[in-house]
Structure formats: structure tokens, C-alpha cells
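Enquirer: The structure that follows is given in the form of C-alpha cells.
The values are calculated or read from the model by the stated rules, or taken from the named source; none is laboratory data. Just so it is clear, the structure is predicted and the values come from calculations on it, not from any experiment. Don't worry about glycine lacking a Cβ; one is built from the backbone with ideal geometry, like all the others, and counts go over all protein chains shown.
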Amino acid sequence: MPSRKHNNATADYGASLTQGMVEQYLNEQQSKGLSPDTLKSYATALEKLQEFLGPDSTIYPGTIAAWQKKMQQDGYANSTINAHMSAANGLLRYLHRSDLAADMLDWTAAPSPEITRGEYLRLLQTARLMDNPRDYLLVKLLANTDIQLRDLAAVTVENVVTGHIPLAGNAPSLVYLPAVLRQELLEYARSQAIKSGPIFVGRGGKPVNRAVVTWVIQQLAEKARVAPEKATPRALHKLYQTIADGIRRDLEVQARQIYDNMLDTEQKTIGWKGG
């Protein structure tokens, strides 16, 4: 446990965070029986917190709330934000600095506005007018497949050629790429001299991160006159899910109608006739 003397020295202001403190906290959580998956998620969350803090590595009053707001702006899901907050608040309690913790997101908050298909098309049109194929493809990919930001690194030349992208998560799954998207992605890769690996990359050849993608969509939204709260990676993914769910419902209705028609036809020829 961290010493009380150290914490009292910073009790009236901020708390300096070191890698040693993080490791001590995680080791204690492990000794308490925290599952490996949860421990891993805590480690990831605290690593992101340290990135947010920067070289100063000090948590001041309001720092955790500011981190929460930054994650919202970057398009993180509420569940992910609350998981990160849980790790940070737990660490602060361990350091005897609960005064620096922040409240979790309220799950009862009103749902965020949904982007319409017409507004999505305006984003695409704006990207085309700006002659920006990368932004065009990012928006199109997120709005027309089950791919999310965490999966973008898997959108490689090799995977696009096969037509299937492996999705991140505990259960292995593949998402199918429509032919038109495969063609556009491969044409873009050729235009950028990308022969292998991730297609969406930034400086240094590293895959674009969540903040960059969110910023790209927001910039398009401003020029396309789409409300910024509608123009997020989550909103684009929800648009895809809404359309896909509707198509699945229609197909189920059609399948039942076809099956009923088949049984009606059979009934007319070999059905049991009572009398």
C-alpha cells in the first residue's frame, strides 16, 4: 500500500502517478482474485490514463472528469468509458485520493440523436467534393459494415482481398465486405502505394487512431451541415445496425411467406381430407 505520508503531502492539491503505483495497484487487485480479463482491461485503462496525463503524470481536481469528457469526444462507448473510470477511481481509492475521483456516466441519459441515411450521404458527398478518398472510405466503411474503430487495424490489403475482416472481441468472427467496398479500398491502397498491411494509416505508417477518425468525421460534418452530435463513429455504426436489422426482419417475413405458400401448395395435392 502507498504510504499515508506521501499522500498527505499532496492531499491539498494533485497526486503524482508513477508506473510503480499502477503496478502495485494491479498486483493488489490480482491478489484479491480479480479475473485475468478484468485485470487486463484495468491495465489498458490506466495506460490510457497515463497517456492522457502526459509527462506531468499528475492528477489534479477535475483531471479525471476532463479525461471522461475527452473519451466521449473521441467516440468511446459509454460502457468503455465507465470501465476506464472504474479503473481510475479504484486506483485513486488505493492511493487514498478519492477526492480526485469522478462520477460515472449516467446510463439513464437520453439517447444521442441518430444520423439519417440522407445525412450520411451528405458526408460522403462532401468527402468527394473535397477529393479526400480516405475520409470518404472511413465513413462508408463504418456506416455499411459491422466494423468499428477497434477493427480498423484489421482492414489490411490482405484481408480486403479475401473479402472478410476479422473483428476484435472474445468470440472470433468475420465481417463480409461488399464487392463495391472491396474494389474502392483496394483502389485506394494502390493509389497510396500500400501493398500490404493496414490501409488506413497516418504518419509513420501506423494505423489511424480513434481520435483521428472522430476528428475526420466531425470536420466533414461541419462542412456537410450535419449536427456534430450525429456525426460520430458510434452513430455511423448504429445506422448500419438499424438498416441491417430492418433487412433481416424483412427477410424473415419473406421466408415465412415462402414457407406458407409451399405448405399450401402441398396441401392441395397430398393434404389429409377429413369427412
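Enquirer: For the range 242-257, name all the residues that are exposed (fewer than 11 other Cβ atoms within 10 Å of the Cβ) and within 17 Å of Asn144 (Cβ to Cβ).
Expert: Hits for the range 242-257 are Asp245, Gly246, Ile247, Arg248.
Enquirer: Residues in the range 122-160 that are within 20 Å of the chain's Cα centre (by Cα) and basic (Lys, Arg): how many?
Expert: 3
Enquirer: Only one of Gln50, Gln24, Gln30 is modelled with pLDDT of 90 or more and farther than 28 Å from Gln73 by Cα; which?
Expert: Residue meeting the stated conditions: Gln24.
Conditions tested, residue by residue: (1) among the hydroxyl-bearing types (Ser, Thr, Tyr); (2) surrounded by fewer than 17 Cβ atoms within 10 Å (Cβ to Cβ); (3) under 13 Å from Leu138 (Cα atoms).
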{"position": "Leu181", "(1), (2), (3)": "no, no, yes"}
{"position": "Ile217", "(1), (2), (3)": "no, no, yes"}
{"position": "Ala224", "(1), (2), (3)": "no, no, no"}
{"position": "Tyr259", "(1), (2), (3)": "yes, yes, no"}
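Enquirer: Please work out which one of (1) surrounded by 15 or more Cβ atoms within 10 Å (Cβ to Cβ); (2) at pLDDT below 85; (3) farther than 29 Å from Gln219 by Cα is the condition Pro36 fails and give its number.
Expert: Among (1) surrounded by 15 or more Cβ atoms within 10 Å (Cβ to Cβ); (2) at pLDDT below 85; (3) farther than 29 Å from Gln219 by Cα, the lone unmet condition for Pro36 is (1).
Enquirer: Any idea which of (1) among the charged types (D, E, K, R); (2) on the phi < 0 side of the Ramachandran plot; (3) exposed (fewer than 13 other Cβ atoms within 10 Å of the Cβ) is the one Asp151 doesn't satisfy?
Expert: The single condition Asp151 does not satisfy is (3).
Enquirer: Does any residue of the range 208-215 turn out to be over 23 Å from the mean Cα position of the chain (by Cα) and surrounded by 11 or more Cβ atoms within 10 Å (Cβ to Cβ)?
Expert: no
Enquirer: Please state which one of Asp99, Asp131, Asp106, Asp135 is outside any helix (DSSP H, G or I) and either within 22 Å of Met21 (Cβ to Cβ) or assigned by TED's automatic domain parsing to the domain that holds Tyr176 (or both).
Expert: Just a single option satisfies the conditions, and that option is Asp131.
Enquirer: Further question on the same structure: From the list Asp264, Asp250, Asp245, pick out the single residue that is under 30 Å from Asp74 (Cβ atoms), acidic (Asp, Glu) and assigned to a helix (DSSP H, G or I).
Expert: It is Asp245.
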